[in-house]
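What follows is a short report on a single structure.
The values are calculated or read from the model by the stated rules, or taken from the named source; none is laboratory data. Given the structure is predicted, the values throughout are model-derived calculations rather than measurements. Using ideal geometry, Cβ is built from the backbone for each residue, glycine included, and neighbour counts are taken over all protein chains shown.
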Amino acid sequence: MGERAKIAVAMSGGVDSSVAAALLVEAGHEVFGYTLDLFALSPEYCRDADHMSCCGKEAAHQAQQVARFLEIEHFLVDMKSVFEKTVIDDFSSEYALGRTPNPCIRCNERIKFAAFLRLAKQQGVDRIATGHYARVLLNEATDRYVLRKGRDPDKDQSYFLYGLTQPQLAASLFPVGEMMKSEVRAYARQRGLPVASRPESQEICFIPDNDYGRFLGERMPELARPGPIVDREGTVLGQHPGIFHFTIGQRRGMGVAAPHPLYVLEIRARENTVVVGPNQELYKRALLAGQLKWIAWPNLARPLRATARIRYKHKETPATIIPLPGEKVSVEFDRQQRAITPGQSVVFYDEDRVLGGGIIEGPLD
């Protein structure tokens, strides 16, 4: 965007969002920094240096330092309540149903590009910006906004953004989307940004030790009910401490002795049962998906050839997407896919362009 605009930058205190803000300042825009206070960790985590980057207060402090350095206003916005209701509650309830959700996708859909965007608009801001590695542009021929992968293939975050609507894309900027991560770091060092060397956090922000079982067990102790671990024939092989400790494809942590490796094949929440079996049974050719969101068009009217990604770090695979009644699709892959997991998102691409995506309901035979 060439003309001077008022832009609210979601600043996490990390290098990516800090560089995004710096680039917009450098381009001559009127920039405001916003740090979203989403959750409160217990004191023992915030005293641990390994987890400082995940703590709300520390993130706000880092963002304030950058804002002061860039000479822009900075605001701390309390969004703990809406984050709790729309992201953490969803995460917990999905695990209770035996599914494995992606909370980062929910956070983008419901917090950063919904609640935060509404707040920014109410305060007279023209656009919002984040540190995501993705790109957005307007296709003048179709008059629709297009979401493309970030230029750095190792850092591309378009998978997390497939649920954004046309108005949200129209109001969003991704200043580092055209950059490689190495270029972002180099720019931060060159500009002297206080967070130039800050390490990245790889875990879910509200579970900094990555111990999902501990988090869910403390949050929903009623789910910590032992149940059977069985094979496909129903033979009981052992007991589990609660289904929320497991996800499809998992091998470790079952405590079952067997002459060959066993993997989680299915989680039957109603029966409080975990089904295990050999690795080859994890491979399927098709899946069913719902809760569809489309960027390239309002909806899918006919079968489509595309590539599909069934989790963030998954390699995209050619597939045929077939619309079904009830606003669902079947996705038929050219090659079998391992560990198709209910609750995860399947995202569809045409080369580097995001077409849309949905929530996986399960594999199809």
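Can you tell me which of (1) part of a helix (DSSP H, G or I); (2) modelled with pLDDT under 90 is the one Ala40 doesn't meet?
(1)
Just to be sure I understand, how many residues within segment 293-329 are out of contact with any Gly (no Cβ under 6 Å at 6 or more places or on another chain) and surrounded by 15 or more Cβ atoms within 10 Å (Cβ to Cβ)?
Within segment 293-329, residues that are out of contact with any Gly (no Cβ under 6 Å at 6 or more places or on another chain) and surrounded by 15 or more Cβ atoms within 10 Å (Cβ to Cβ) number 19.
For the condition touching a Ser or Thr at 6+ places or on another chain (Cβ under 6 Å) and within 17 Å of Asp37 (Cα to Cα), what is the one hit in Val77, Val82, Val66?
It is Val66.
Among the numbered criteria (1) farther than 18 Å from Glu58 by Cα; (2) free of Cβ contacts under 8 Å to residues at least 60 places away in the same chain, which one does Ile7 miss?
(2)
Of these, Ala186, Ala171, which one is at pLDDT 95 or above, closer than 29 Å to Met79 by Cα and of a type in the set (Gly, Ala, Ser)?
Ala171
Take segment 127-152 and flag every residue that is under 19 Å from Val9 (Cα atoms) and among the β-branched types (Val, Ile, Thr).
Of everything in segment 127-152, those that are under 19 Å from Val9 (Cα atoms) and among the β-branched types (Val, Ile, Thr) turn out to be Ile128, Thr130, Val136.
Under the condition of being under 20 Å from the mean Cα position of the chain (by Cα) and among the β-branched types (Val, Ile, Thr), which residue from segment 9-27 is surrounded by the fewest Cβ atoms within 10 Å (Cβ to Cβ)?
Among those that are under 20 Å from the mean Cα position of the chain (by Cα) and among the β-branched types (Val, Ile, Thr), it is Val15.
Name the single residue that is surrounded by the most Cβ atoms within 10 Å (Cβ to Cβ) among those in segment 207-258 being modelled with pLDDT of 90 or more and of a type in the set (Ser, Thr, Tyr).
Looking at the filtered set, the residue picked out is Thr247.
Identify, by number, the condition in (1) exposed (fewer than 13 other Cβ atoms within 10 Å of the Cβ); (2) of a type in the set (Asp, Glu); (3) more than 28 Å from Asn299 (Cα to Cα) that Asp143 doesn't meet.
Tallying (1) exposed (fewer than 13 other Cβ atoms within 10 Å of the Cβ); (2) of a type in the set (Asp, Glu); (3) more than 28 Å from Asn299 (Cα to Cα), Asp143 fails exactly one: (3).
Would you mind stating whether Ile128 is in the same structural domain as Phe39 (by TED's automatic domain parsing), closer than 13 Å to Tyr162 by Cα, of a type in the set (A, V, I, L, M) and buried (at least 21 other Cβ atoms within 10 Å of the Cβ)?
Spelling it out, it is not the case that Ile128 is in the same structural domain as Phe39 (by TED's automatic domain parsing), closer than 13 Å to Tyr162 by Cα, of a type in the set (A, V, I, L, M) and buried (at least 21 other Cβ atoms within 10 Å of the Cβ).
Can Leu237 be described as among the hydrophobic types (A, V, I, L, M, F, W, C), within 30 Å of Pro318 (Cβ to Cβ) and without any contact (Cβ under 8 Å) to a residue 40 or more places away in the chain?
It is false that Leu237 is among the hydrophobic types (A, V, I, L, M, F, W, C), within 30 Å of Pro318 (Cβ to Cβ) and without any contact (Cβ under 8 Å) to a residue 40 or more places away in the chain.
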